[in-house]
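One structure is given below, encoded as structure tokens.
The values are calculated or read from the model by the stated rules, or taken from the named source; none is laboratory data. Just so we're clear, the structure is a prediction, and the values are computed from it rather than from any experiment. Counting neighbours? That spans all protein chains shown, and the Cβs are built from the backbone with ideal geometry, glycine included.
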């Protein structure tokens, strides 16, 4: 790790995992600079933060927005209900993959990808199939270090209304006290940061490798 600290780039900082991650990055002194890449500027006043606005449909016109980061965190995503089936695939697979390529070209050595429990490119379900396809496409980019996170049901208070998910969270909170099938968003965020710092300290980022962290791994890393 440089004496000047780590420069991190975050995609999807307006999502629930992204919000939790940004909060933790702002508090952590190991990170000296945080680049937020998105469609709009986030209302955050902090000397560590730089907003870079891009059009995800024209990412080749925004290559410079993905330069200068040692570490990249991708929390980008939408839902089928919000964007439709084609829109979901476009965001969760195509935007993510295209952004990852630009990050690699821009010098990023450690890429963190939020995927999903059950991700499988051969799945019959759109959500898990798309997540699995995204994982495989990002692997092909050959980051020196790629960390793929497969969290279970995310526990958070979303700004948008998702009634069925809200009911599921209420039910799960009642009996999943060991987080076997769920995980708080702040725990995922802490796991990503802990993994980053461990890799920086041990020079693991210099090894070409891919690691997949299931929910149990996320809990182990994210809980002190």
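Residues considered: 10, 17, 29. Of these, the only one that is buried (at least 21 other Cβ atoms within 10 Å of the Cβ) and more than 19 Å from residue 98 (Cβ to Cβ) is 17. Of the conditions (1) at pLDDT below 95; (2) assigned to a helix (DSSP H, G or I), residue 135 fails just one. Which one is it? Here residue 135 clears every test but (1).
You will find that of 102, 154, 113, 126, the residue that is closer than 19 Å to residue 221 by Cβ and free of Cβ contacts under 8 Å to residues at least 60 places away in the same chain is 113 and no other.
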